[in-house]
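Remarks on the structure that follows.
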Amino acid sequence: MNYQTVLEEIKEEIRPYLNKGTVANYIPALANVAEDDFAMSIIEIDGSEHHIGSYKKPFSIQSISKVFTFTLALDIYGKDLYKRVGHEPSGNPFNSLIQLEYEKGIPRNPFINAGAIVTTDSLVSKYKENTFSTLLEFIKKVSNDENIAFNKEIFKSELESGYRNFALINMMKSFNNIENHTQEVIETYFKQCSIMMNTKQLTKSMLYLANHGVIPNTNSEIITQAQAKRINAVMLTCGHYDASGDFAFHVGLPGKSGVGGGIVAVVPQKMAICVYSPRLNKHGNSLVGTKALELFTTKTRLSIF
Ligand code: GLN
């Protein structure tokens, strides 16, 4: 299969959708992007790379960062992590408060905001003031790229406007499911969301999930095979919030989206993929990104189903 040709076909076929959807302007600094941008990268386990569009241009990874924090927390706490955050789909928007109260401050999964905030809190308990630098070092390691940083303007913009996330963390604190100071945890969470990466770096960073927890062509085990399997399962069932079923239905791969417009996806034992296009559908997932991945699995028959 010539993946470069596949990418070229996809780029043509998504063209009519490029002006559909809306960028995530609820975080003011995220509105300052080139709205019709598009990039897509594929990296195979053997190291072959294929890219198209603006694949060298960094964007805010937002909720894709939740894959990295989940990985780190699972490595530290193992199954105990699930006492504080579940592994079931929520069926609700990523920033919903409703379920969290009647489920007594235990978020459904680590990929909705509440669950990611608990996951980050668990890292703050372990790494204290070094939490963010530990996370950033981890991301540089799995991406094999030193040139990754967070964007201060996006971080500050979310800190000034993230009332819903403050509501979520305060609700969980009231149920004793946040161990550290809320301000420290929420700032770490907003910082992780404002990390800037391009599709090439993000694709590389997901290869351990396509390769049983080990960075391909190294002996570097990031997590156990069993845990890699769990992370992929949670990505498939929860990675797109209340559109996770729809993503499985149309794309059929473990995936994780972010409101910055990125989506990462994993083809087990084969490759990782990342697509970027900042306009979102009503569930907060990249509209063109979802379409591009659907075209990809249709053309290549690489859906897991
Ligand atoms: N930083 C965003 C928020 O908390 C992340 C949401 C997302 O990417 N889905 O609202």
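The values are calculated or read from the model by the stated rules, or taken from the named source; none is laboratory data. All values reported here derive from a predicted model rather than from experimental measurement. Cβ placement follows ideal geometry from the backbone for every residue including glycine, while neighbour counts extend to all protein chains displayed. Ligands, DNA and RNA are stripped out before the accessible areas are found, and what is left, the full protein with its side chains, is counted by its heavy atoms. Shrake-Rupley method; radii C 1.70, N 1.55, O 1.52, S 1.80 Å.
Tabulated values for the structure
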read-out: Total formal charge among the other residues, if their Cβ is under 11 angstrom from that of residue 144, Lys/Arg +1 and Asp/Glu -1; value: +2
read-out: Per-selection Rg to Rh, the chain - Cα, Kirkwood hydrodynamic radius; value: 0.94
read-out: Set 56/140; 104/141; 20/152; 126/256; 79/156; 83/128 screened for pairs whose C-alpha atoms are more than 27 Å apart; value: 104/141; 20/152; 79/156
read-out: Inter-centroid distance (Cα atoms) of region 175-235 relative to region 247-305, Å; value: 17
read-out: Net charge, residue 180 excluded, C-beta distance under 12 Å - Lys, Arg +1, Asp, Glu -1; value: -2
read-out: Cα-centre dipole for region 153-305 with unit charges at Cβ (Lys and Arg positive, Asp and Glu negative), debye to 20; value: 560
read-out: Cα centre as origin, Lys/Arg/Asp/Glu Cβ charges: region 68-140 dipole, Debye; value: 100
read-out: Only Lys, Arg (+1) and Asp, Glu (-1) charged, at Cβ; the chain dipole about Cα centre in debye; value: 280
read-out: Within the accessible area of the chain (1.4 Å probe), percent carbon and sulfur; value: 50
read-out: Accessible area per residue, Å², region 152-282 with all protein chains present, probe 1.4 Å; value: 37
read-out: Region 114-203, Rg to Rh (Cα coordinates; Rh as Kirkwood inverse mean 1/r); value: 0.99
read-out: Amide H within-cut-off set for residue 214, under 5 Å, with H built and near neighbours excluded; value: 222
read-out: Max mean-square fluctuation residue, GNM over the chain, Cα-Cα springs under 10 Å, options 183, 62, 192; value: 183
read-out: Selection from 265, 298, 214 lying farthest towards where the dipole of region 162-301 points positive, charges on Cβ; value: 298
